Amino acid sequence: MSTALSAVHRTNGRTITERFHAFHAQNPHVYRELERMATRRLATGATRVSLKDLFEDLRHQLPYGVVGLNNNFSALYARRLIAAHPHWASAFELRRRRSA
């Protein structure tokens, strides 16, 4: 990984994936809520779901938002949702990951 890319993907020496796992471990309710919201949207006939839209809705639904919910985590949550619900794969647009 180049130095420039490394700086983009690391904060305090931790990669986005490492920060995501730490956030998820401390906030499992966020995944459950995103899963519930995606289920509801797909049940109403939506064929595409935007995790960034779900993030914004979640931020507005919770009284004080979700401290630490980073937009960089949206793709990782999408991948986690697809892993749990493979039949949702076509509902989420995923791009190739540049780093692990």
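Values quoted throughout were computed directly from the atomic coordinates according to the rules given, and no laboratory measurement underlies them. Keep in mind that what you see is a predicted model, and the values were worked out from it rather than measured. Note that we place each Cβ from the backbone using ideal geometry, even for glycine, and neighbour counts take in every protein chain shown.
Quick look at the values:
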{"quantity": "Residue match in region 31-44 (condition: among the hydroxyl-bearing types (Ser, Thr, Tyr) and assigned to a helix (DSSP H, G or I))", "calculated": "yes"}
{"quantity": "Check on Glu93, surrounded by 11 or more Cβ atoms within 10 Å (Cβ to Cβ), out of contact with any helix residue (DSSP H, G or I) (no Cβ under 7 Å at 6 or more places or on another chain), of a type in the set (D, E, K, R) and under 19 Å from Asn27 (Cα atoms)", "calculated": "no"}
{"quantity": "Test: residue in region 58-70 that is in contact (Cβ under 8 Å) with a residue 40 or more places away in the chain, surrounded by 14 or more Cβ atoms within 10 Å (Cβ to Cβ), within 27 Å of Arg14 (Cβ to Cβ) and not acidic (Asp, Glu)", "calculated": "yes"}
{"quantity": "Whichever residue in region 47-94 is aromatic (Phe, Trp, Tyr) and part of a loop (DSSP other than H, G, I, E, B) and, among such residues, is nearest to Leu34 (Cα to Cα)", "calculated": "Phe92"}
